[in-house]
Amino acid sequence: MAKVKVGIVGGAGYTAGELIRILLYHPQVTISAVVSSSNAGNPVYQVHDDLVGETDLRFQSDLNGDEEVVFLCLGHGNSRSFLEKNTVPAEAKIIDLSNDFRLNVDKEVAGRSFVYGLPELNKSAIQSAQNIANPGCFATTIQLALLPLAQAGLLTSDVHVSAITGSTGAGQSLSETVHFSWRTNNVSIYKPFTHQHLGEIGESLTQLQPQLEGDIHFIPYRGNFSRGIFASVYTPSELSQEEARKLFKDFYVDAPFTTVSDREIHLKQVVNTNKCVLHVQKIGKQLLITSALDNLVKGASGQAVQNMNLLFGWEENEGLQLKSVAF
């Protein structure tokens, strides 16, 4: 059977680099084009130097036009502009990694309608979709910590979230807060209570629990490491610890990449993988859920490949059997 042709637009960024790394060894696809207007003609490994010796692909200025699935790895706001200004074959599937189409109010563009691509929530809708809005990295981490409670109608109080992310979460563009001298040996908060991922989190939770009670109070932290997200999520609950763990394990029984651990978790369990690992414990009246994933894999490119697998009817974990680096 012929392999599916894949195009990647915005090929010089971190998420594109992760996509290429994964897709080079995906058994069902071949990378047809990696588009970066500023790097056109140059070898891909000159930008993504972890790929030296792995591929002879070169950046192109445009797609070839025969791609069967296109990943948009453009900056926020640029995916909509790209689709308005460029022609992508109507039969081509699109998976967008920006925040342009994640909210219901934004899901339509250029005759296309996007489905929110969180497989643990929308697997059936993804399987029959043409266009996917890949979730945000913080949003994925936090939603996976809360979906079982929403499904059971148990989000009845305020939810408090503290989550720390690595520097790759800010993208490849240089700024003061990703500069080594600033970031190393340092921790800071940003966008407290106003982070852009709160919108998609709210829409997903109300999809499961329409009468959502309470607010989500989210404090994001910048961490002095390069990749990964670790979130602490807590809310009052009448559930016992045993009841809560059963609720979570039952909810994710068919989710190949979301695991509920009986032991406390740490970030190295998930870095370089498409896994999200959760831990649930009851302390006093508070139910505490810790959630960890790699912001560039399960939080971005790995989840995008997971969505592609669902779109084409392949095994959900095809090409995503990645090993964490525990030491």
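Where a number appears in this text, it was derived from the coordinates with a stated rule and is not lab data. All values reported here derive from a predicted model rather than from experimental measurement. Cβ placement follows ideal geometry from the backbone for every residue including glycine, while neighbour counts extend to all protein chains displayed.
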task = Give me the compactness ratio for the stretch 263-307, meaning the Cα radius of gyration over 2.2 N^0.38 Å.
result = 1.34
ask   = What nm value, rounded to one decimal, do you get for the distance between Ser61 and Lys323 when each label is placed 7 Å out toward the C-beta?
value = 4.3
task = Using DSSP to define loop residues, name the GluC sites (Glu not before Pro) in the stretch 20-110 whose beta-carbon has at most 12 other beta-carbon atoms within 10 Å.
result = Glu91
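When N counts the residues of the stretch 4-113, how does its alpha-carbon radius of gyration compare numerically with 2.2 N^0.38 Å, as a ratio? Working shown, then result.
On the way: Rg = 13.6 Å, N = 110, 2.2 N^0.38 = 13.1 Å.
That works out to 1.04 for the stretch 4-113.
Rounded to two decimals, what ratio of Rg to Rh does the chain give with C-alpha atoms and a Kirkwood Rh?
Across the chain, the Cα-based Rg/Rh ratio is 0.96.
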task = With an 8 Å cut-off on Cα pairs and a minimum separation of 6 or more residues, tell me the relative contact order of the chain in percent.
result = 17
ask   = For Leu293, which sequence-distant residues (separation of 5 or more, or a different chain) have an amide H within less than 5 Å of its own amide H, given hydrogens modelled in the peptide plane?
value = Ile229
remark   = Taking only Cα atoms of the stretch 137-295, the Rg to Rh ratio with Kirkwood Rh works out at 0.97
task = Of the listed pairs Lys5/Lys268; Lys93/Lys268; Lys123/Lys285; Lys249/Lys285; Lys3/Lys123; Lys123/Lys246, which have alpha-carbon separations greater than 27 Å here?
result = Lys5/Lys268; Lys93/Lys268; Lys123/Lys285
remark   = Under a Gaussian network model of the chain whose springs join Cα atoms within less than 10 Å, the largest fluctuation of Glu120, Glu18, Glu243 belongs to Glu243
request  = Count the net charge of all other residues whose Cβ sits under 14 Å from the Cβ of Ile265, scoring Lys and Arg as +1 and Asp and Glu as -1.
outcome  = +2
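Around Ala133, with a cut-off of 13 angstrom between Cβ atoms, what is the net charge of the other residues, counting Lys and Arg +1 and Asp and Glu -1? Mind dumping the intermediate values first?
Numbers: positive: Arg80, Lys93, Arg102, Lys107, Arg112; negative: Asp96, Asp100, Asp106, Glu108, Glu200, Glu203.
Cβ neighbours under 13 Å give a net charge of -1.
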